[in-house]
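Okay, so here's the structure we're looking at.
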Amino acid sequence: MPFPQPGQRDQPWPTSMNELDPSERLVIWSFRRWVLGLKQNTAAHWDFVWNEFARQLGSQDGREALSGFACMVKALQCNARRRIHYHQPCCPALGADEVSIACLVAACQNGQLGLARSLAQWLVKPDGSDEMITAATRLAQRMQSRGLVFPERCGAPAMPPMTEPVPQAVAALH
């Protein structure tokens, strides 16, 4: 069965980069690049992200979207419940954390606050969820204003049930 076309409702959860809509691809590729810049302490990766945001959203909206994006990553970095897993920028595979980040932005764009809160609490400690949702909403609104609309995928991503915060959760990104 072929993968539904971008923009269709109730799309299955993607398992590779080529199954993503442009909005999802921008968020996940940017996340991978941004984290690589943090890990390697090199601004070149952040420049790549800025250039892509400016190309797709224009200079002004790109700057504001990038600000929301950077705040979202910072909230994740400072408040992660556990080690966050991601792939290299050129890797075609997708990880559950990467899909959760894209779904968080999509939920914010689509006004699904309950889903956004669940996804944020899956990724970060309770004290960091509001910060992450606020940043993701800023990003989502700027993307939407420039026509980068996230698809509505059915349900929520498969996640183990939340019990209590992981003791001594690692806040560093993998």
Query raised in the report: What are the residues in the range 19-57 that are touching a strand residue (DSSP E or B) at 6+ places or on another chain (Cβ under 9 Å), of a type outside the set (A, V, I, L, M) and surrounded by fewer than 17 Cβ atoms within 10 Å (Cβ to Cβ), if any?
Result: LYS39
Query raised in the report: Within the range 92-100, is even one residue over 13 Å from the mean Cα position of the chain (by Cα), modelled with pLDDT of 95 or more and either in a loop (DSSP other than H, G, I, E, B) or under 29 Å from ALA44 (Cβ atoms) (or both)?
Result: yes
Report summary line: With the first residue restricted to the range 132-155 and required to be in contact (Cβ under 8 Å) with a residue 12 or more places away in the chain, and the second required to be of a type in the set (Ser, Thr, Tyr), Cβ contacts under 6 Å at 6 or more apart or on different chains are MET143/SER23; LEU148/SER23; PHE150/SER23
Query raised in the report: Would it be correct to say that SER16 is surrounded by fewer than 20 Cβ atoms within 10 Å (Cβ to Cβ) and in contact with a strand residue (DSSP E or B) (Cβ under 7 Å, 6 or more places away or on another chain)?
Result: yes
**Report entry** Positions within the range 74-91 being in contact with a strand residue (DSSP E or B) (Cβ under 8 Å, 6 or more places away or on another chain), hydrophobic (A, V, I, L, M, F, W, C) and not in a strand (DSSP E or B), in sequence order
**Finding:** ALA75, LEU76
Query raised in the report: Hey, any hits in the range 101-110 for a residue that's farther than 22 Å from ARG63 by Cα, at pLDDT 95 or above and either under 11 Å from the mean Cα position of the chain (by Cα) or buried (at least 22 other Cβ atoms within 10 Å of the Cβ) (or both)?
Result: no
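The values are calculated or read from the model by the stated rules, or taken from the named source; none is laboratory data. As the structure is a prediction and not an experimental result, all values here were calculated from the model. Note that each Cβ is placed from the backbone with ideal geometry, even for glycine, and that neighbours are counted across all protein chains shown.
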